[in-house]
Structure formats: C-alpha cells, structure tokens
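What follows is a short report on a single structure.
The values are calculated or read from the model by the stated rules, or taken from the named source; none is laboratory data. None of the values given here were measured: they were computed from a predicted structure. All Cβ positions, even for glycine, are placed from backbone atoms using ideal geometry, and neighbour counts span all protein chains on display. Just the protein is used for accessible areas: all its heavy atoms, side chains included, with ligands, DNA and RNA removed. Shrake-Rupley method; radii C 1.70, N 1.55, O 1.52, S 1.80 Å.
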Amino acid sequence: MSNNNINNTIYDISTIQQVLINSPLEGIKMLPLNSTILVKASEWEKCLEQINVLCSTKWNKKHKYSGKGLVFGETKKCHRAGQYITNRQLRLAQKDTKACSCTAALKIIQHLDNPNVVTFCQTRAHVNHVPGDWDEVRTLPLPSEAIKIIEDQLKSGSSCRSTRISVLRQIDSWGVGVRKPNYEEIYNRMRKMTTLLYMFASDENASISIWLNVKLAEQNYCIFEINLSVYNDGKKQFAFGFQSPMQVSIMRISQSFCLDATHSISSRSDEVLYTLVTRHPQTGKGFPVVYMVTNNQTAIPIKLWLDHLRIKSSFVPMNITIDCSIMEVNAIKEALPHATIHYCDFHVLRAWQHNLDSKIKLNASYTSEQLGNYKTALKNYLRHILIESNEDVFLRAIEDFKLMVQDQPQFLKYFEKKWTENEELLRRWGRPYISQQHQRYVTNNYVESWHNQLKTIYFGRARIRRLDRLIFILTNDVEFYFEQEVERIHFNNGKMGPIDNELARNSFVASKIQNDMLPSMILNPLSETGNSMDDYNGEWQIRSFVTEDKWYTINISNDLIQSCTCPNFLTRQIPCKHSHLLKRYCGAKFSFIEQREIAGVVLNRQDAVNANENEVEKEVEEELESGGTAEDRGVYVFDEIAAYSATMHHGFEDLQTLKTIPGLDQTKADLIKRALADAVRLMDEYRRDTSEIRNCSCWKGGDSSRKTKEVLCLETREIIVNNDITNWSNSDICSKIQYLHNKFKDATNFLNGTGQDILNDINESEKTPEEAEKTLEDILEETCSHEEVEAEDEAEFDAEQIRKTINASISETIEESVKLNHIHVELMQKKFEAEVEVNERQFCHQGIVYGDRMMMKERWLNIEAKQLENDCNQSKLQYIAKLESLELSKQYILGKLDIKL
C-alpha cells in the first residue's frame, strides 16, 4: 500500500460518509480501493457499521495479526466469501447460496505511535457480485439500528405485526441497500427477548420466584407470598402480591378503596387477580395501589393479604367498596375490623333484579304484559330506595316496599334475610350510611374500569399464558403509564384531568353570574348582604342557580372554603359552582386545593423516603447484626413513631373539616380518640420510665453494671425472710427502697447531682457479708419505724379536720345523687313521651297504608263486578240473537224472558 493514498483527515461517525465514493448502483456507496482512511479510535466500530449500511455490505472477521508497533490488527472478509455446495437430495427446495467466492478484503490497524487513530484500507475489490444489487440485499443481516428499534417496540408491548409495520416505515428512508425485516424475524426476536424481559426460567414457578425475591426486591417492592397448600390438604395452591413504593405512598394517604377480582389472567381458569384501587388525589382517576394473584378463591388468601398490608404498608382504610361477596366481607371483617364495608350499587341492583325476575309470580289470570309491567314498577321502586340518602325516608320506603310485595312470600323472604334483616346489612348498601369521603365509591367503577383497561390495552384483548408476563406488564408498562400520567396532569400538559375539568366547568358557570346579582344571591354569616366583614369564617348562604327559593350553606373555616350542602358537592367532594361564586365574592381560597397541594408534597416526600428506605433498613440491619445494641434498635423504632406523628400532623386540616360537617358517624371518631389517648398515655409512661431510669442511673452513680431496685428488692426479701421476718411483702420492700431512692434523689439534686451510691459505705467499709447484711437490715428497720411514728403523729393532728371534710363530702354526694335521680326521672319521662309519639306515628302510618290497600281492593272488586255485569249482558244479547234466528219476534222473546235492555 502506497503512502500516497493516505487521507490525513480523521473521520468520526458523523463524517464517515464523506470519504465514501458512489457505486455504479444509484443510492449505494463504496470504499475507495487501496486508500487508507483514518478514523477516531473511540468510534471505529460504529463507523464500520455505518459503512456497512451505506455500502450494502457486511465485513466478517477473517483473522487477527500482531506485529511490532501495533496495538491490534485484523483482516475482514466479505460476507459472500467462500463456497458452499448444496445437497438437493436432502433439501429439494433451497435458495441459492450466498457464498460466491468473493475475495474482497479490508484491513483494520491501530498503531502504537498514534493510538487515537484506527486505519481502514480495502485491499481487494468485490468479485462475482455487486453490493447493493436487488438480489444481493437478501444475503445481508439486519442492521443493528433496526434490531434496536424492533426491541424497543417489543418492550413497549407492541405486537409483532404492528412492530414490523412501524419498523418498515422507519427503515424506508434509510436507502435502497438496507435489508428489511420479515414477520418471522420479529417473532423470533420477541421469543428471544422473553428470556431477557420476564421469562427468567423455563419453569413458571421458578421464574415467578426470581421476580418476587430478586427483581422486585431490588426495586424496594413490598412483597406478599404464601403457600396455601397447608390450608387445602396438600393441593398446589398459592397466593402472591406486590406493591411498588409509589403505590405504598398513595395507599397511606387514602381512606377509601375499591376491591375486586378479575379472571382470565393466564391460561389457567382458576387463577384470579385481586386489585385494590383508590382515587388518585392529583389526577382524580382510579389508581391501583396493590395486586394479588391466587388460585384459591376462598377468604383465606384475602384475609392473609390484608393482614400483610396492614402490618407492612400501614393499610388502615376507613371504607372499602366490594361486590356482593360474602367471602370478601368475612375476610375484611377479620383482617380490618375498623373498616366500613359498602356494596357496589350496580351489583346490588343487579342482584335484586335477577331475584325479582325469578321469584315474582302472578296467577294465570294475568297476561305476560301485565306481569312485566308489575316487575318494572317494583324495579323502579327498588332503584328509588337505593339512591335515597335521607335515613327516615329510606327506612319508610323499605317498609312500604315490603307491604307492596307481601303477597310474594318467596321474594319477601329473600329481601328480608339478605338485605334488611339487621342494621349491619342495611349499612352495607344503604346510601344514608355512606360517609361524605366515600360518596365517589358507591359503585366499583374505579376497579371495574381498571380491569377493563388491563385486558383491553395491556393484554391486547388476548389471554396471556404465563403469570411472570403478568408481573412484567404490571410492574413495567402499567407502573410507567401511571407515573407519566401523574406527571402530565401535575404540569397541566395536554388535556385536563377529571378534577381540573370539573373545577373549570364550575368556575365558568359561576363567572356567568352578573355582579349586580351577587348581593341578592349571597348572605354572610350575619345573614346580611355584603362582604365587608373582617372575618369570613362561618356559614354563608348561597341561593341556588336554578331554584330561587332554595338556599345552600357553605362553611368557611380557617379562611378556607370547606364544604357546601348542595348535592353536587356531597357526591363529588369538589368545589361546586356555589363555592366558586363565593370565592369570587369574598376572595376566600378552597380547602380542597390546599389539601391537594399538601397531598402532593406528602407524596413527593414519601417518594424520596421510599427511594432510600431499603438502603437505610439494610444499613440498620447490618449495624445491628454487627454488634448493634437494643438501644440502636429502639432509636430506629422511635424514628418510625416520629414519622407517624408527622403524618398525623397533616391530618389536622381533615379533622377541622370533619368537625364542621353535621350528622357524621362518630364511631370512627371514637376509635381515633381512643387510639390517640392510648398513645398519649404510653408517652406519659415512657416519660415516667425514662425519669426513673435517669434517677436509677444517678442513684447507682452512673454505673449501669450495679444492682437495680428490682434486684435489690429480691435480695432484701431473702435477707428478711432468713431472719424470720415474714410480714413484709415485696410491695412494702419496694416502697421503702423507693423512699430511699427519692431521698437520695433530693440530696443529689441539692448537691447538683454529685451524690454517692447508698451502698458506698458498705462497699468501702470492708465489712464481711454478714456485717453488711446486718447494716442494711438496721437501715431498713430504722426507716420503717421512723415512717410509722410520723404517720401516727400526722393522723392524730389531722383526724378532726379529716372527719369534717368527709362529712361535708358525704352531704355533697347525697345532694348530687338526689339531683341525678331527678334528672334521670325527667329523661325517662321524655323518652317515654317520645316513644309514645313514635308509636302513634307508626300506627297512623300503618292505618293510612291499610286504608290505601283496602281502597285499592275495593276498586279492584268494583272493576271485577262491572266486568261480570258486562259479561252477563253480552251473554243475554247472544241468547236473544240465537232465538231471533228461530224467527221469534224480539218483543215476544223479551216478554217471555222478562229481560230489560
């Protein structure tokens, strides 16, 4: 090779095409023969790939060689080099071989004196074929760039067909000499990628185990896994679940959830996926917070799963909406006794309609159309009961419905036993018993919609065959989508989310009210028009936009608009148009917006904490295993308690809002009160214990290796028993030791904490053990006798004063008891009067209902009598017509039969 053909320009990936020359074929490039090309050493491999694409060639390694002054050197040959003789007897249908004895060669060298440059030089030209020709492209492999595009498409969940179409459209602009992929190649690539993406073992159970114990554990997922074979006589049954750190964060700040299961998640029909879904505080859409997969469709896996969530993920829901499943009810009551269970309205109504169609019967005198109308009327009345939110009207409507179907014993028995037998059953589906925070969860639409999206979008309306692929879809595709959707709505990128959309609509409706109309539509807490008040807190009255005589109450607390009594706010829990009108009038802000921003801050903080939580736990565990003490473990526990305390601080605004809402169920509030009271009590006990520990440390001279009061009590007890003193109990000894402790504490406090051990005198006097025991016994006896003398003197001195105080207290107690008895009698009398009034109303109502029933029966009998009379007249007319056919005169017939028409 001559040095005259060396191009001194150093090329990289962006400029390598400049050194290529045009081939005889249009759109195809080629390397100049016997010309040395200098390429940047860090990019020589990428430059070679680019040359292959532009020149429609493929250079394969032939051999390496080394020499003095070389970093490396190798010779590459054309992909069509060599020969191949086909055996047509074994394979009759074969393509022509791609080996055509091409002798083209490419040398690649890197010199020691210039290591930053790699040289390319094509020393021999292609023979027996023309690179880039139409029958030449089939022999080329797929470009690496095309393979990368295919893998990215497949990772995103695209099918083989859609991936091929997308890749072909992108490759079409690369040039004429590029090999295009076929369907089989993409399918084979997808099968190969399964081992990289989710199929980590050919055995499905082993692959799932790798997912749960390795892959998800590395990402700080909360894992639930249990073998259910012990509950089912050795049958191969399982249950496993998982939850990402983001899902844990959303779960901890949510109070209401939907629970449901879906089938057809794998090739086995007995495997189901359970999902807990809540409403995301920022997007307003349903958000799955945890999954569980099982092939045991009993209450056992659900109960164990909920126990795991309560312990590991701080799952303490206030409300859960489910289908009408007794199995799920039993599991929730067992694992989460504090949670309120609500049946989905849609499933309740569907159950009623199904049983009504099968159990309502009428006798044969009624036509099928009349039976259908009767059933339709009953269904409409049941629908009215289901949506009734006033408790009195709700209960009265149930009783009326029972009277309506009292002649249908089969359906009446079903309705009373399954739905109205006790208050617990009524609370599971009655609208009056749903808290305001749970109004958006009266149906299971959040979880039903999620399962529909899973099968339609992520499964592509096809049943997947393996559960490890289900895990991959849920932890990669689904998780990524929800992360991006939250970010999109947070930055208001694209179309508005459901919450922002509804807020915008309400704001627009409120903005259409004219300014001169505002004073007549708004009354301040003083029942006056105008907004000149310094303090906006209180209950404002806003007139309805539709009905002029209808007014709604809006509560402002802490200078924030908290709630409105209109139906829209009660069901949606989002600032309504009346709230926007008041905001426009007085300038107050929405509590909803403030809480939404706080929720965002809490989520961001929890995400940051979750990102480091696993590392911190590992560090703590390693520290404890490597010699950490119980005190270290205690510090970690108290850090968690402090975190829960900080979370309770963020709930203060919610408590302020709840305080202003009338008619709330106080059961959960009592539970919160008792829990917080217990927490405060335990904190006080910790303070007392801490104080005693500090005093004990001071008492023992700061030496933790010496005896505690408990040990000293036992030793003292042994000493006095050995000396035949049996009238002293352990409590007596402890009280005396505590007395000595307190006296020593007073002395050490007086001396600024520089006191000595009370046992120093004994230890330093070098006495024998017998003498030391005698000294300690003398100290205790002297102390006890001194205490008894003091008590007797004080008792004699204060006896008269105590007697007077006791007498006065007894008199006051008697007087107070008499007053309480009078109050009790009055209350009982009022209760009796109220019961009499209620009974009178019930009797009156029953009388009205009975009267209505009798009136309806009387009308029915009248109708039947008229029908019989008409039938009789019709028969007479037919008989007369028959006699007339016998040529008898009409007057003769009427006279003989004494018939009057």
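For region 145-198, would you read off the P(r) tail past 16 Å as a percentage of all alpha carbon pairs? The share of Cα pairs beyond 16 Å in region 145-198 comes to 33 percent. In plain terms, the chain from residue 553 to residue 197 could stretch by 122.5 nm, reckoned as 0.36 nm per residue minus the Cα-Cα distance.
Please compare each pair in 46/77; 76/155; 107/155; 29/77; 68/98 to a cut-off of 27 Å on the Cα-Cα distance and tell me which ones are over it. 76/155; 107/155; 68/98, as the Cα separations exceed 27 Å there. In the structure shown, the pairs 64/95; 61/95; 303/413 are assessed against 27 Å; a Cα-Cα span above that value is assigned to 64/95; 303/413.
Heavy atoms only, probe 1.4 angstrom, no DNA, RNA or ligands counted: give me 96, 400, 270 ranked by accessible area, highest first.
96, 270, 400
Solvent-free Debye calculation, one equal scatterer per alpha-carbon of region 360-439: log10 I(q)/I(0) at 0.11, 0.27 Å⁻¹ equals -0.34, -1.39.
Here the simple spin-label model places points 7 Å from the Cα toward Cβ, and for residue 839 and residue 383 these points are separated by 4.1 nm.
Taking θ as phi - 60° and the Karplus parameters 6.51, -1.76 and 1.60, the scalar couplings of region 69-79 work out to x, 10, 7, 7, x, 7, 10, 10, 10, 5, 5 Hz in sequence order, x denoting glycine and proline.
When all C-alpha to C-alpha distances in region 1-63 are sorted into bins of 10 Å, what percent of pairs does each bin hold, rounded to whole numbers? Bin by bin from 0 Å, the calculated values are 21, 52, 27, 1. The distance from the alpha carbon centre of region 57-84 to that of region 464-520 is 59 Å, rounded to a whole number.
Would you mind checking the pairs 361/418; 58/180; 550/583; 359/417; 402/831 and listing those with alpha carbons more than 18 angstrom apart?
361/418; 550/583; 402/831
Accessible area per residue for region 416-551, computed on protein heavy atoms with a 1.4 Å probe, is 57 Å².
Just the projected area, averaged over all directions, of the convex hull on the alpha carbon atoms of region 511-594: how many nm²?
The number I arrive at for region 511-594 is 5.2 nm².
Each residue, residue 453 and residue 860, gets one label point 7 Å from its Cα in the Cβ direction; the gap between the two is 5.2 nm. Placing a label point 7 Å from the Cα of residue 26 along the Cα-to-Cβ direction, the residues of region 123-150 with a backbone N closer than 17 Å are 132-135. Of the chymotrypsin sites (Phe, Trp or Tyr not before Pro) found in region 475-580, those in coil by DSSP whose Cβ has at most 11 other Cβ atoms within 10 Å are 491. Which trypsin sites (Lys or Arg not before Pro) in region 485-559 sit in a loop by DSSP (not H, G, I, E or B) and have at most 11 other Cβ atoms within 10 Å of their own Cβ? For trypsin sites (Lys or Arg not before Pro) across region 485-559 that sit outside H, G, I, E and B with at most 11 neighbouring Cβ atoms in 10 Å, the list reads 495, 512, 550.
Surface listing: 19, 546 arranged by accessible area from highest to lowest gives 546, 19, probe 1.4 Å.
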